[in-house]
1. Report, by residue number, each residue of the stretch A:33-62 that is modelled with pLDDT of 90 or more and hydrophobic (A, V, I, L, M, F, W, C).
2. How many of the residues in the stretch A:36-62 are among the acidic types (Asp, Glu) and either closer than 17 Å to B:ALA222 by Cβ or within 14 Å of chain B (Cβ to nearest Cβ) (or both)?
3. Go through the stretch A:1-61 and tell me which strands (runs of 3 or more DSSP E), entirely inside it, have 1 or more residues that are touching a Cys at 6+ places or on another chain (Cβ under 8 Å).
4. Scan the stretch B:129-152 and tell me whether some residue there is at negative phi and touching a Cys at 6+ places or on another chain (Cβ under 6 Å).
5. Within the stretch B:100-156, how many residues are touching a residue at least 40 places away in the same chain (Cβ under 8 Å) and in a strand (DSSP E or B)?
6. Only one of B:GLY116, B:GLY110, B:GLY123 is surrounded by 22 or more Cβ atoms within 10 Å (Cβ to Cβ), more than 16 Å from B:VAL218 (Cβ to Cβ) and touching a helix residue (DSSP H, G or I) at 6+ places or on another chain (Cβ under 9 Å); which?
7. May I ask you to list the residues in the stretch B:6-51 that are crowded, with 24+ Cβ neighbours inside 10 Å, within 26 Å of B:CYS243 (Cα to Cα) and touching a helix residue (DSSP H, G or I) at 6+ places or on another chain (Cβ under 6 Å)?
8. Would you mind stating whether A:LEU37 is buried (at least 17 other Cβ atoms within 10 Å of the Cβ) and without any contact (Cβ under 8 Å) to a residue 40 or more places away in the chain?
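The values are calculated or read from the model by the stated rules, or taken from the named source; none is laboratory data. Please read these numbers as outputs of a predicted model, since none were measured by experiment. Note that we place each Cβ from the backbone using ideal geometry, even for glycine, and neighbour counts take in every protein chain shown.
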Amino acid sequence: MNELGVHVRVVNGALLVTGDVPTEERRQAIGDVVAELAPGAEVRNNVSVTDLSAPVDQEVVS
Amino acid sequence: MIRVAAVGDIHLGADSAGTLRPHLDDLDERADLLCIAGDLTRHGDPQEAAVLADELAGLPVPVVCVLGNHDYHSDCEDLVRKVLEEAELTVLEGERVTLEINGTSVGVAGTKGFGGGFPGAAGSDFGEPEMKAFVRHSKNLAAALQTQLAALDTDVRIALTHFSPVEETLRGERLEIWPFLGAYYLAEAIDTAGADLALHGHAHAGSEKGVTPGGVPVRNVAQPVLQHAYKVYCLGGDGADSCESV
């Protein structure tokens, strides 16, 4: 998961999962996988779903 | 004025059908060209590339992309490229493409690039064969980028890579992994050949804006950084604040 920018670390005894994914389905799947790998552990799924909407602004570079 | 939409690290999987295209249907109202800075797929599976090809097929603007490290993971990068090219996407690896947009010529030179690090904290072409191969691979890709950029005789020139040419756009990533996120050889190539904009991805937790030592604007367009489907950069105008198409 690390290669996809998703990280897991222990915080106050719970497994904290962070990162960004494109869909809610992937966010839930990551939480499920972590829970499956660590039965009985508290899993806090803080993975964010990237907003895929079109941008509202532009940048004039040159 | 050329409006360049850019994004990287979209990481489409077999379950991604229909997730990207709805946000691109009006792209021609916002941009003249779409550049994708690698990591198009999750694991470099040609089936994932087929999902991307379907998502981008028939877009109203040209699409130019480079592959990223994820697109090599299944050792099927040639097939991934073939699938994308069959959908009329342009894939660059040590190559360039020239487009004519609204009377302005636009050149894009691209490579995946590779790691190696940055001045004072870089790998060197020394010692074990594996270390020399690592560094030489990075140098060779940067040299190809330089050659292709220098060969562009266009009004606007864009360098498109997956790995970063500068440290500035890696801020937010752990310092320890910066040598695996980019290499200064890319910045040297860009500065030597010249470019109006350098686009890269790979650093999901990095920062959007940077600049090469020679003054070329660098933008990290990894989707987790942009937090949008893409970002639009306007080039070749008169310096006005607006970004209207010609």
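1. Passing the criteria: A:VAL33, A:VAL34, A:ALA35, A:LEU37, A:ALA38, A:ALA41, A:VAL43, A:VAL47, A:VAL60, A:VAL61.
2. 3
3. A:58-60
4. no
5. The number of residues fulfilling the criteria is 14.
6. Exactly one of B:GLY116, B:GLY110, B:GLY123 is surrounded by 22 or more Cβ atoms within 10 Å (Cβ to Cβ), more than 16 Å from B:VAL218 (Cβ to Cβ) and touching a helix residue (DSSP H, G or I) at 6+ places or on another chain (Cβ under 9 Å), namely B:GLY116.
7. B:VAL7, B:ASP9, B:ILE10 - these are the residues of the stretch B:6-51 that are crowded, with 24+ Cβ neighbours inside 10 Å, within 26 Å of B:CYS243 (Cα to Cα) and touching a helix residue (DSSP H, G or I) at 6+ places or on another chain (Cβ under 6 Å).
8. So A:LEU37 fails the test.
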